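First up is the structure itself, then whatever we jot down about it.
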Amino acid sequence: MRQTMTFALFVYGAGIASMLAHELGHCLFYWMQGVPAGMSLMKEFPLRNVTASEYALGSAGGPFTNIVLITVSLWLYKRHLNNPTFRMIFSSFIVGNVCYFVLRGLIALLKKRGGELTDIAGMLGLGYGPIVFVYGAISVAALSYWMRLGGIKWSFRRASAFLALLAGYVLVMVGIETIDSRLFWSRFPTIAGQASVQIPSWGPFWTSRVTVGAGACGASSVTRVDLVVVIEQLPPGSGH
């Protein structure tokens, strides 16, 4: 029981770290296109006009990062099978990222929208179904390979333990998103309507005040976000 609880804590910790890497992946894909972007704990924010193609590529950066994390973690897990500490660490990243894909797949089934990759699929004229399949295939393949490497066999007990772990993961993610939305999202420009917000000067992609007007127009099934950004330099001490 103690070992199970320890593993669960490792998975939740790896899930949080992977979530941050996921958002950084979005930003990196925006930056590679010359689009300034910032991130909070669970959301990325392009900070200028984005075209449909820029938005699609930026959206792909997050899931791509999760796939890289799973792949690298499986490789390292295989190399360090005889080290219990490393096995625990890499296993937690594998399972944590699988939980992410399962969660995104469930959201796609419930909302009939797969989120980030659905926007990309929409540009190709696809529906949400293929996205659910992709998330499911990645989850099953990664989990099955991890179990085969570790000599772990499926059982009702293990399946129940995974479902309990997934439920805990969902609660952790919901809690973090609630905190994130209340504390940080208002620091970034809104893309709904028009707003004047102050955001901190934490790096080259933030400024003192940004007034944003936004509109949306269809590009296949992709929502194109058109931002009109007016930068106003605030006097020293007014808002910082």
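Nothing in this text is a laboratory measurement; each read-out follows from the coordinates by a stated rule. Bear in mind that the values here come from a model prediction, so they are computed numbers and not experimental data. Note: ideal-geometry Cβ built from the backbone for every residue, glycine included; neighbour counts use all protein chains shown.
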Check: What list do you get for Val132, Val11, Val174 if you sort them by fewest beta carbons within 10 Å?
Finding: Val174, Val132, Val11
Item checked: 17 Å cut-off, amide nitrogen to a point 7 angstrom out along Ser186 Cα→Cβ, residues in the range 15-45 -> 40-41
Next item on the list: With r as the distance between the Cβ atoms of Ile152 and Leu76 and R0 = 25 Å, compute the FRET efficiency 1/(1 + (r/R0)^6) and round to 0.05.
Entry: 0.90
Next item on the list: Return Ser160, Ser59, Ser181 ranked ascending by Cβ neighbour count within 10 Å, so the fewest neighbours appear first.
Entry: Ser160, Ser181, Ser59
Next item on the list: For Lys111, list the lysines whose Cα falls under 21 Å from its own Cα; do not include residues on the same chain fewer than 8 positions away.
Entry: Lys43
Next item on the list: Take the alpha-carbon positions of the range 1-114, form their convex hull, and give its projected area averaged over all directions (one quarter of the hull surface) in nm².
Entry: 8.5 nm²
